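Trainee: One structure coming up, written as structure tokens, with questions to follow.
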Amino acid sequence: MWEDRPHLISGTFESTSDRESNWHHLPDHFHELSNSKKRVVDEGLGEEEEEEEEEEEREGRGKRKKSLQQPDFLDLKEMNWPLGDNSDGHRSDEESNNFNRLHRDAKISCLVRLSRSYYGVAASVDRDFRTMIRSGEVYWLRRHLGIAEHWVYFSCNAPQWEAYDPYQRHWIMVPRMPPSPTESFTFSDKESLAVGTELLVFGQEFNSYVVLRYSILTNSWSPGVVMNSPRCLFGSASLGGKAIIAGGTHGRNILSSAELYNSETQMWETLPPMNRARKMCSGAFMDGKFYVIGGMTSDNEVLTCGEEYDLARRSWRLIPNMSSGLNGANGAPPLVAVVNNELYAAHYADKEVMKYNKENNTWATLGKLPERFVSMNGWGLAFRACGERLIVIGGQRGTHGGMIELNSWVPNGGPPEWNIIASKHSGSFVFNCAVMSC
């Protein structure tokens, strides 16, 4: 009954995500603090006192051996906090404030390490949890602690999006996009981008550009903020709570301009322009820098160069032959993804997976894409990074309608070994896809 809210899912982490599974446990520092004073006292005991102390501990354990094991708690008397000397047993105001602060810090420590699939349950049982989740504070803390889970969002039908949590192996229901005033937006070229806790969908409504914004905080769609220079068919990528878009088209004009989006302020900042105007390009973050790969500079001229944007220097560097052979004049933009700061590409013409060598600016073939998937010159196929995995989403038409499949592989230096992690009856053509990491 929780499936209509993306953070209300329960389940078990799969084995390839053991690193994330330890988010379910509170930090061990509470246990360490509660035992720290005992270690100091033990060091100052003589041999006779130590023997007496050990005998008392053995007797105490014998008395407790039939009871359930209880967790260690902090003894407030051991802290350097004034507890007050109220004779009636009530806490002083300062004691209460310190206790409340400790209680809240423990809650925060627990919540930020909990899988966000359980956030709905946490919000339903605790008011502080509910406030932190709905305000987005917990996601801000997770981002600054380097904690993230990666959920896949994709659309095989313009008004409807699907979401999948690969950690819990659970499908999540996403509300339908609001109806378009006309059918222009439904049938226009659309791009999608996940940044922070938002999914942004860009399209056109007659001669105007439209941005729709889905927030996991409210589980709803709302109008998004249009760029300073609206466009479509651009390259984009996100890193934490920020994203960069570059190139694209405005009307019949092919653009070299770029913009940065801050999801916390929901504002766009104009960046220096690229060296080349390009449309139908792809974007990626690698080693803290933003890359634009491939694209076209006219209706029939394919670019083989890439560009690197240094956020610190606010400058672009042209990289010749970075995307040679990754896309054609009639094909989709290059299908690229970055895992652990390594760039991979899906060569849709040969159905191969390739890896980029940053040292000599070349590509090496690793192996094959999943054989079951079909595409139209790369259109209809999604190739994304999802944490430490590469994800391929595609489908084929069967006798009972379309079936979509999600295949996963963790790059390990060898040829790809794809595993099906999910499948669902749906359209067999993926129009848009984004991975939300928060």
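Since every read-out is calculated from the coordinates, none of them should be taken as a lab result. Bear in mind that the values here come from a model prediction, so they are computed numbers and not experimental data. Note that each Cβ is placed from the backbone with ideal geometry, even for glycine, and that neighbours are counted across all protein chains shown.
Trainee: Suppose the chain between Asn330 and Gln266 were pulled fully straight at 0.36 nm per residue; how much longer would it get relative to their current alpha carbon spacing?
Mentor: The Asn330-Gln266 span can extend by a further 19.6 nm.
Trainee: Can you bin region 113-171 into rounded, prolate or oblate? Criterion: square roots of the alpha carbon gyration tensor eigenvalues sorted a ≥ b ≥ c, rounded for a/c under 1.5, prolate for a/b above b/c, oblate for the rest.
Mentor: Prolate, since a/c reaches 1.5 and a/b exceeds b/c.
Trainee: Can you give the local net charge around Trp316? Use residues other than it whose beta-carbon is closer than 14 angstrom to its beta-carbon, Lys and Arg +1, Asp and Glu -1.
Mentor: It works out to a net charge of +2.
Trainee: Hey, got a sec? Which GluC sites (Glu not before Pro) in region 130-163 land in a DSSP loop and have at most 15 other Cβ atoms within 10 Å?
Mentor: On the way: sites: Glu137, Glu149, Glu162; in loops: Glu149.
Sites meeting the loop and neighbour criteria: none at all.
Trainee: With a ≥ b ≥ c the root eigenvalues of the C-alpha gyration tensor of region 275-314, is it rounded (a/c under 1.5), prolate (a/b larger than b/c) or oblate?
Mentor: prolate
Trainee: Still on this model: Let me confirm the definition first: pairs of Lys residues in region 148-437, 8 or more apart or on different chains, C-alpha distance under 17 Å. How many are there?
Mentor: 5
Trainee: Right, next: Would you order Arg252, Arg104 from fewest to most other beta-carbon atoms within 10 Å of each residue's own beta-carbon?
Mentor: Arg252, Arg104
Trainee: Quick check: residue separation of Thr304 and Ile420 times 0.36 nm, minus the Cα distance between them. What number comes out in nm?
Mentor: 38.5 nm
Trainee: For the pair Val374/Val226, report the inter-label distance in nm, with labels modelled 7 Å from Cα in the Cβ direction.
Mentor: With each label placed 7 Å out from Cα toward Cβ, I get 3.9 nm.
Trainee: Is region 148-437 best put as rounded, prolate or oblate by its Cα gyration tensor, with a ≥ b ≥ c the root eigenvalues, rounded for a/c under 1.5, and otherwise prolate when a/b is larger than b/c, oblate when not?
Mentor: Judged from the Cα gyration tensor, region 148-437 comes out rounded (a/c under 1.5).
Trainee: Okay, moving on. Let me see the pair-distance distribution of region 285-375: every alpha carbon pair, 5 Å bin width, integer percents in order.
Mentor: Whole-percent P(r) values from 0 Å outward: 3, 13, 23, 25, 19, 11, 5, 1, 0.
Trainee: For the residue pair Asn207 and Asp287, what label-to-label distance in nm results when each label sits 7 Å from Cα along the Cα-to-beta-carbon direction?
Mentor: Distance between the two pseudo-spin positions: 4.6 nm.
Trainee: Taking 0.36 nm per residue of separation and subtracting the Cα-Cα distance, what length does fully extending Leu239 through Val121 add?
Mentor: Length gained between Leu239 and Val121: 39.7 nm.
Trainee: Dipole of region 345-401 (Lys/Arg Cβ +1, Asp/Glu Cβ -1, origin at the Cα centre): which of Val353, Thr365, Met376 lies farthest to the positive side?
Mentor: With unit charges placed on the Cβ atoms, the residue in question is Met376.
Trainee: Given a Förster distance of 25 Å, report the FRET efficiency between Thr182 and Glu352 from their Cβ-Cβ distance, rounded to the nearest 0.05.
Mentor: Step by step, r from the Cβ atoms, then E = 0.05.
Trainee: Can you give the FRET efficiency to the nearest 0.05 for Phe431 and His144, using r as the Cβ-Cβ distance and R₀ = 41 Å?
Mentor: Efficiency computed from Cβ-Cβ geometry: 0.75.
Trainee: While we're here: Take the alpha-carbon centre of region 268-324, take the same for region 415-438, and report the distance between them in whole Å.
Mentor: 26 Å
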